[in-house]
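Here is the structure we will look at.
Please treat every number below as a calculation from the coordinates, not as lab data. Nothing here was measured: the structure is a model prediction, and the numbers come from that model. When we count neighbours, we look across all protein chains shown, and the Cβ atoms used for this are built from the backbone with ideal geometry, even at glycine.
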Amino acid sequence: MSAPDRERRAVNQVAVAFGVSALASLGLAAVYWQGGQNQVEGVLLAIALGGLGYGFVVVARRLLPQGPYTEERDVLPSSEGQVAAFETDLERGEGWLARRGFLLKMLGVAAGALGVAALFPLRSLGPNPGNSLRRTKWRRGSLVVDEQGEPVRVRTLEVGGVLTVFPEGHLEREDSQTLLIRISDENVVTRKGREDWAPEGYVAYSKVCTHAGCPVGLYQQDVKRLLCPCHQSSFDAVEGARPMFGPATRSLPQLPLMVDDNGLLRAQDDYDEPIGPGFWDRGR
Amino acid sequence: MIIQRVARWIDNRLGASRAARTTLNKVFPDHWSFMLGEVALYCFVILVLTGVYLTFFFTPGTKEVVYHGSYAPLDGVKMSQAYESVLRISFDVRAGLVMRQIHHWAALMFVAAVIAHLMRIFFTGAFRRPREINWMIGVTLLILAIANGFTGYSLPDDQLSGTGLRIAYSVVLSVPVAGVWTAFLIFGGEFPGNEVLTRFFVIHILIIPVAIAVLLGAHLAILVRQKHTQFPGRGRANTNVVGARLWPTFMAKTLGLFFLTFAVLAALGGLAQINPVWIWGPFEPAAVSAGSQPDWYVGWLEGSLRLFPAWETRLFGFEIPNPFYSGVVIPGITFMLLYAWAFLEARVTKDYEEHHLLDRPRDRPVRTSIGVAALTFYVILFAAGGNDVLAARFDISVNLITWVFRIFLLVLPPLTALLTYRLCRELQARDHEKPRPTAVLERTQSGGYVEVEEPAGAPRA
Ligand code: FES
């Protein structure tokens, strides 16, 4: 093919591409007008843009001068003379500053003080953590309720059953979410010192993973293990939710339970340690 | 012509003709890999365009509302204003869903293009003097791109994004000494905190985009000042740039690239569903779904959190929790090394010269092997971020697959480095075997032949 032929073909291609693009744009407007449809909108927009893109690429590759052109690079560093001249001019101020060293120091103090003062408003961004990471909403005698707010009775769960529970009046509280598991039908001792924490086989662990705080949502009944879906830490539900695998380093805190005279489950007290992921002074 | 009249009017007031002419004649070398940075730039432009549209309809509120929109399965469900407004954008705002999906796809492609561009710069040695400043700006842009992706991902307040926020909060909490206060100041209190959506919204639509725009401006200004690098080849030297001029050839080419990038994203936004938040449901603190996956560019962090062994440090009653190592130290080292690389390499090779000619990766076997090893490391972390999905797919235990990944993480990078090194050497040897023409004959337009000399010793591109 001769050069003029090739050029004519390229011109035709570009013209068709731009034409298709224009039609697609009209279609796009029409589709929108008719109420819109996600897939059709996407496709028409793609054709409208793609036609333009294709056209421009053909223009660039076939119709415009290709070169190659050569451009010399500038030398990046300035000449010695220019640098020296600049330094002299800089000296003008610097010399003055050096002679007024004391003023410079005072300026430093003032600027520093202003900087520090400017940081103070950051404090408005959030409350004092206080002991909010160390306490949940569980209290001595809190009624154990499920996600609908219904109290939990001894007969609510079969052996092997699980339920997410909250202290009454604090549904959906992130730090108080607790996993109630019935692992047996008689008292369970998960660890020494927790002899009366799991009446009638009901054990309750904080549902907030000690690794990075995801809800530990899965209970594998056959092996009596809890599994965190986020990074696959698993905890032994029989032995005080001791971590078995994965990145979690600490057991899930256990909530001491009791059964009241009406057969309702209640907490004996709050958790005896901060729930959830670790932080610097957690042990203090 | 009108353009000339306008140009003259402007020149009379600004005297811009000379600078404008230099700009028009600016030479751009041609290589496919030079387009990666352009694609990243255009993704950002597309993100801004679609993002502005979305801000008109999005409400960053946590106040609880009851949904009564046109998506029937969630009718009557309690949710935050933010989640409700995303449903509205997806189902009730005309062209809302396609905009939202283009926006999400563009974010995914933005980070991908930035990383591909970074790899190009790394493996060809384009970061060497005088381009160290632009290298560091580039690394900062990568961090900002990831950060803006994460904040944007968090805004719809759906179940997945809530889980991501919960983990981010715990990672901040894990920082020694300042962690608790920092987490409380960022989230406005204990997680979930009522402020975080509003704050992330401001960060996502104002602070980070402006920072990206400013740094991008600097990135490009420095590029114009220093001119492009180029691969060695006939007529190319450390002192010149060979290629097409900005006006009109390069202009047409890059406009074409912009439209094609946008076209691909539009097609994806229309046809490929992304982040269907109506399926994940509104965020509830006590719920989490198995197999939840973050956007791809956070995958390596997710993998790091999953693979890191159950270690923590206790000192004098204080503790450094596990997520600090996997969620702060590992990314911290990653970005530190990236920032420092340009200087580290110059230090080690004692090469402080100006370089405008690019290396072929094979000619720098050590750098190339280190790069490949690092890449292997992050690809394994990325894969490990989906270890539960992989375990379910291949029906093996998560524990086994986690251990396999831990071993891979230590063994594979040195192995791939070694292989790369051998491969580079092999390729180099092959280059030497090939007979090289001592001169090249070129046909001139008039039909005669001239002998064009190749600069001695210059490898061919
Ligand atoms: S949050 Fe549970 S394993 Fe990471």
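Here are some notes:
- Other protein chain Cβ atoms within 10 Å, averaged over every residue that makes up B:424-430: 0
- Pair-distance distribution P(r) for the range A:86-200, from all Cα-Cα distances in 10 Å bins starting at 0: 11, 22, 18, 9, 8, 9, 9, 10, 4, 0 percent.
- Mean residue ellipticity, 222 nm, helices only, chain B: the sum of -39500 (n - 2.57) across DSSP H runs of n ≥ 4, divided by residue count and rounded to 500, is -19500 deg cm²/dmol.
- Rounded Å value of the spacing that divides the Cα centres of the range B:163-207 and the range A:147-217: 28 Å
- Listed residues B:Ser170, A:Tyr32, B:Ala19: farthest to the positive end of the dipole of the protein assembly as shown (Cβ charges): B:Ala19
- Nearest 10 degrees, 0 to 90: helix B:365-384 Cα axis against chain B principal axis: 20 degrees
- Average other protein chain Cβ within 10 Å of Cβ, residues B:306-313: 5
- Each peptide in B:228-238, A:175-185 gets a packing score, the mean of other Cβ atoms within 10 Å over its residues, and the list from highest to lowest is A:175-185, B:228-238.
- Calculated [222 nm] ellipticity per residue, helices only, for chain A: -11000 deg cm²/dmol; basis is -39500 (n - 2.57) per DSSP H run with n ≥ 4, divided by all residues, nearest 500.
- Nearest-ten-degree value, helix B:132-154 long axis tilted from longest Cα axis of chain B: 30 degrees
- Options B:Gly269, B:Leu257, B:Phe316, ranked by Cα towards positive dipole end of the range B:250-325, top entry (Cβ charges): B:Leu257
- Magnitude of the charge dipole, the protein assembly as shown, Cβ model with Lys/Arg +1 and Asp/Glu -1, debye to 20: 2500 debye
- Folded to 0 to 90 degrees: helix B:35-55 orientation relative to chain B principal axis, Cα: 40 degrees
- Think of chain B as having a plus end and a minus end, set by charges on the Cβ of Lys, Arg, Asp and Glu; of B:Ile401, B:Trp280, B:Ala383, B:Ala383 sits farthest toward the positive end of this dipole.
- The range B:1-156 shape via C-alpha gyration tensor axes, a/c threshold 1.5: oblate
- Each residue of the range B:216-223 was assigned a 3J(HN,Hα) from its phi angle through the Karplus expression (A = 6.51, B = -1.76, C = 1.60, θ = phi - 60°), giving 4, x, 5, 3, 6, 4, 5, 4 Hz with x at Gly and Pro.
- Phi angles of the range B:309-319 translate, via the Karplus equation with coefficients 6.51, -1.76, 1.60 and θ = phi - 60°, into HN-Hα couplings of x, 6, 10, 8, 10, 10, 9, 6, x, 9, 9 Hz per residue; Gly and Pro are given as x.
- Taking every residue in A:237-247 and counting other chain Cβ atoms within 10 Å of its Cβ, the average works out to 3.
- Remark on A:Gly283: its backbone amide H falls under 5 Å from those of B:Glu319, a criterion applied only to residues 5 or more positions apart or on other chains, H modelled at 1.01 Å from N.
- Table column - 3J(HN,Hα) (Hz), the range B:242-258, Karplus curve with 6.51, -1.76, 1.60, x for Gly and Pro: 10, x, 9, 7, 4, 10, x, 4, 5, 4, 5, 5, 6, 4, x, 5, 4
- Scanning residues 5 or more positions from A:Leu218 or on other chains, those with amide H under 5 Å from its amide H are A:Leu227, with H placed 1.01 Å from N in the peptide plane.
- Annotation for the range A:68-123 versus the range B:368-424: alpha-carbon center distance of 47 Å.
- Charge dipole of the range A:129-284 (Cα centre as origin; +1 on each Lys and Arg Cβ, -1 on each Asp and Glu Cβ, all else neutral): 540 debye, rounded to the nearest 20.
- Anisotropy class of chain A from Cα gyration tensor, a/c 1.5 cut: oblate
- Cut-off under 5 Å, modelled amide H: who pairs with B:Phe231 long-range: B:Leu358
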